[in-house]
Amino acid sequence: MKRFTFLAIISFFLISGLSAEEENPIKFKIEKFSPSVYLLKVTYPENFGVQKEAPHRILLNAGSGLKVVSADLKLKGKTSTRKKEYFESVEPMQVKLEGKGELEIHAKIFYCDYNRNICIPGKILQKETIQ
């Protein structure tokens, strides 16, 4: 019994380690639209989709010298032709920023890998420098 428990624990850590090494395919890209308005874009590979009705969470933390004035962080977009409950693409979200500095993006985005037929809540921490 002890041997089985030991093997089960080792297997759990090996599987957890392998899945933790998989890189999250969901990324954010921020582009300047006008002097104080930026577009926050969600990017992901073609064989993935973002769930439409999921408790997505996106938080913006402004570093020293930067201030988030306003942000519309609700995901909207085109419905997937493969699965109707997913976005094929997500529209850019408007973010108003003042100043210069580092912007941290903390997010939990629920997405699906169509090739592997699995759906995963992806945790994202991304840092962007605003000039």
For Q126 and D72, extending 7 Å from Cα along the Cα-Cβ vector and measuring point to point gives, in nm, a value of 2.0
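Relative contact order for the range 27-130: what percent, with Cα pairs under 8 Å and sequence separation of 6 or more?
Relative contact order for the range 27-130 comes out at 31 percent.
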For S34, placing the label point 7 angstrom along Cα-to-beta-carbon and taking the range 48-69, residues whose amide nitrogen sits under 17 Å are 69
Reduced to Cα centres, the span from the range 58-117 to the range 36-52 in Å works out to 6
One point scatterer per Cα, no solvent, Debye formula: log10 I(q)/I(0) for the range 32-131 at q = 0.12, 0.17, 0.20 Å⁻¹ comes out as -0.43, -0.78, -0.98
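Which entries of K32/K84; K27/K83; K27/K100 show an alpha-carbon separation above 26 angstrom in the structure shown? Present the calculation step by step, with values, prior to reporting the outcome.
Numbers: K32/K84 32 Å; K27/K83 21 Å; K27/K100 22 Å.
In this structure, K32/K84 exceed 26 Å between Cα atoms.
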Measuring from its Cα centre, the range 27-130 shows a charge dipole (+1 at each Lys and Arg Cβ, -1 at each Asp and Glu Cβ) which, in debye to the nearest 20, is 140
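No value in this document is a laboratory result; all are computed from the given coordinates. Note that the coordinates shown come from a computational prediction; the quantities given were computed from them, not determined experimentally. So basically every Cβ, Gly included, is an ideal-geometry build from the backbone, and we count neighbours across all protein chains shown.
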